[in-house]
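Trainee: Quick one: the structure is below, questions incoming.
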Amino acid sequence: MSNKNNPKLFYIAVGENIKKYRTIRNLSLQMLAEKIGLTKKTIQRYENGEHKIDMERLHEIADALEVDISALLNGVDSFLGVDISELKLSMLPVVNSVKTDQENIFFDSIESHEPTPTEWDIKDCFYVRVKDDSMLGSRIGKDDLLLIKKTKHENGEVAVVSVNGKLLIRKLYINDDQIILQPDNSAYPPLFCKRSDVYIIGKPIKNIITFS
């Protein structure tokens, strides 16, 4: 993947600069958010590169941090000559389908790879692109890019499972030898499966906004 004019890398790198100067100014996420009239979560998503940020907002953040806007754009405005390793990123696969045995999962089809900050605790992680709007009630929409972690789940949590190699994102309920895969959109029916037909992979830990 080329770094040149890559908007996703642009927002990640701008976020790194915001975090850098927030730390220098000894401001918490909450303190910076209050200065601008935003939520702590929004600032955090800016810093993680999960939200687009326009120039007007960037000016507001620069003013709150008492720096020139050029400081927040330092080295990232075009990505000419930027090394991904300098941003502390790893490339994780965007997986379309999988194969499984009783204990392991194997990626059967990989769409692409996405740069991902290593500070997100990305061990045993990969991405899945959402194919429909069956989970809108959980704020998961079609074409969203979910960061999936292979980890245990609780009944009723949103999980990523494999049914005959097809990846599904549903609320998961286990009842003895039956698994219920429940969508979060009334337009979609629940799916009732034998437990042996479902491989539970993990759960989404981040919903990443992608840029066209």
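Trainee: Being over 17 Å from I105 (Cβ atoms) and either among the aliphatic types (A, V, I, L, M) or at pLDDT 90 or above (or both) is the filter here, so list the residues in region 195-212 that pass it.
Mentor: Across region 195-212, the qualifying residues are I208, I209.
Trainee: Please enumerate the residues belonging to region 5-58 that are among the charged types (D, E, K, R), part of a loop (DSSP other than H, G, I, E, B) and more than 21 Å from K206 (Cα to Cα).
Mentor: R25, D54
Trainee: Provide a single number: the residues in region 121-140 that are crowded, with 16+ Cβ neighbours inside 10 Å and either within 17 Å of G49 (Cβ to Cβ) or among the aliphatic types (A, V, I, L, M) (or both).
Mentor: The number of residues fulfilling the criteria is 8.
Trainee: Moving to a separate point now. Among residues belonging to region 165-174 that are part of a strand (DSSP E or B) and over 18 Å from E154 (Cα atoms), point out the one that is modelled with the highest pLDDT. Steps first, answer last, please.
Mentor: Our first condition is that a residue be part of a strand (DSSP E or B); within region 165-174, this holds for 166-174.
If we keep only those that are over 18 Å from E154 (Cα atoms) as well, we get 166-167.
Working: K166: 83, L167: 88.
That would be L167.
Trainee: Can you run down the residue pairs with Cβ atoms below 8 Å, 6 or more apart or on separate chains, where the first is in region 39-62 and under 10 Å from G15 (Cα atoms) and modelled with pLDDT of 85 or more and the partner is in a loop (DSSP other than H, G, I, E, B) and open to solvent by less than 20 Å² (accessible area, probe 1.4 Å)?
Mentor: Y46/I53
Trainee: Taking the condition of being under 16 Å from G202 (Cα atoms), of a type in the set (A, V, I, L, M) and not in a loop (DSSP other than H, G, I, E, B), how many residues in region 99-151 meet it?
Mentor: Here the count works out to 6.
Trainee: Identify, please: which residue in region 175-189 is touching a Lys or Arg at 6+ places or on another chain (Cβ under 7 Å) and assigned to a strand (DSSP E or B) and is, among those, nearest to S134 (Cα to Cα)?
Mentor: Within region 175-189, the first condition is being touching a Lys or Arg at 6+ places or on another chain (Cβ under 7 Å), and the residues that meet it are 177-179, 181-184.
Now narrow it down to the ones that are assigned to a strand (DSSP E or B): 178-179, 181-182.
Numbers: Q178: 21, I179: 18, L181: 11, Q182: 9 Å.
Residue satisfying both the conditions and the ranking: Q182.
Trainee: Filter region 190-212 for residues that are under 19 Å from the mean Cα position of the chain (by Cα) and outside any strand (DSSP E or B) and give the result.
Mentor: Residues satisfying the conditions are I209, T210, F211, S212.
The values are calculated or read from the model by the stated rules, or taken from the named source; none is laboratory data. Here the structure is a predicted model, which means the values were calculated and not measured. In this analysis, Cβ positions are derived from the backbone assuming ideal geometry, glycine residues included, and neighbour counts consider all displayed protein chains. Note: accessible area is taken over every heavy atom of the protein model, side chains too, but ligands, DNA and RNA are not part of it. Shrake-Rupley method; radii C 1.70, N 1.55, O 1.52, S 1.80 Å.
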